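Q: One structure follows; several queries about it will come next.
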Amino acid sequence: MDRIVIVGAGLAGGRVAVELRAAGFTGGIVLLGAEEHLPYDRPPLSKGVLSGRVEETTLPLDLDGVEVQLGRRAVGLRPGAVETDAGPVSYDGLVIATGATPV
Ligand SMILES: Cc1cc2nc3c(=O)[nH]c(=O)nc-3n(C[C@H](O)[C@H](O)[C@H](O)COP(=O)(O)OP(=O)(O)OC[C@H]3O[C@@H](n4cnc5c(N)ncnc54)[C@H](O)[C@@H]3O)c2cc1C
């Protein structure tokens with residue numbers, strides 16, 4: 001595999017990128033996130049940010065060498081390419097880390 005695309009720039013997606021490098025993967029890593037933010041820690045949003053005790057929630061992940069594309073939402077999937085709202089992104093390997101929506 002030369003190029004792994006991770007869809008979802010949250011805790012899981014960011015961690016996958018870091019762990020791929022730690023495991024020795026030297027190919028291209030693309031991290032796609034629908035939001036405009038780097039991966040951030042969500043629990044403090046309800047446990048510290050509202051009370052003003054916490055301001056910074058960006059996760060301390062070393063994403064050096066990772067192609068991070070923020071504000072880019074995946075809208076479809078076909079073999080070899082993720083369709084996004086800004087056009088297709090090709091992959092050899094794909095990780096879907098888009099989290100879950102509470103119902
Ligand atoms: C307010 C709050 C408080 C919490 N408190 C706790 C706690 O105290 N303890 C605990 O264990 N857990 C807590 N959680 C849950 C915890 O934050 C989640 O378990 C964790 O964030 C899951 O990480 P994830 O990366 O799997 O998903 P997410 O954090 O949901 O990340 C998924 C990412 O994928 C992106 N995405 C989704 N769809 C697309 C798409 N189509 N294209 C591109 N990107 C996409 C989203 O924008 C998001 O950034 C809390 C969550 C919230 C919101």
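The values are calculated or read from the model by the stated rules, or taken from the named source; none is laboratory data. Because the structure is a prediction, the values reported are computed rather than measured. Reconstructed Cβ throughout: ideal geometry from the backbone, glycine too, with neighbour counts over all protein chains shown.
Q: Please state which of the following conditions G33 fails to meet, knowing it meets all the rest: (1) more than 8 Å from the ligand (Cβ to nearest atom); (2) surrounded by 15 or more Cβ atoms within 10 Å (Cβ to Cβ).
A: For G33, the exception is condition (1).
Q: Going by what's in this entry, would L20 be described as at pLDDT below 95, part of a helix (DSSP H, G or I) and among the aliphatic types (A, V, I, L, M)?
A: In short, no.
Q: Contact list please: Cβ distance under 8 Å, first residue in the range 1-20 and farther than 14 Å from I96 by Cβ, second residue among the acidic types (D, E) and more than 11 Å from the ligand (Cβ to nearest atom), pairs at least six apart or on different chains.
A: Filtered contacts from the range 1-20: M1/D92; D2/D92; R3/D92; V18/D62.
Q: Condition first: more than 15 Å from L70 (Cβ to Cβ), within 11 Å of the ligand (Cβ to nearest atom) and more than 14 Å from the chain's Cα centre (by Cα). Now tell me which residues in the range 83-98 satisfy that.
A: Residue satisfying the conditions is E83 alone.
Q: Looking only at the range 46-72, how many residues end up being in contact with a Ser or Thr (Cβ under 6 Å, 6 or more places away or on another chain) and without any contact (Cβ under 8 Å) to a residue 40 or more places away in the chain?
A: Quick first cut of the range 46-72, residues in contact with a Ser or Thr (Cβ under 6 Å, 6 or more places away or on another chain) only: 72.
Narrowing further to those that are without any contact (Cβ under 8 Å) to a residue 40 or more places away in the chain: none.
Residues that pass the stated criteria total 0.
Q: Out of the range 37-79, which residues are of a type in the set (G, A, S), exposed (fewer than 14 other Cβ atoms within 10 Å of the Cβ) and near the ligand (Cβ under 10 Å from one of its atoms)?
A: If the condition is that a residue be of a type in the set (G, A, S), exposed (fewer than 14 other Cβ atoms within 10 Å of the Cβ) and near the ligand (Cβ under 10 Å from one of its atoms), then S46, G71, G76 are the ones that fit.
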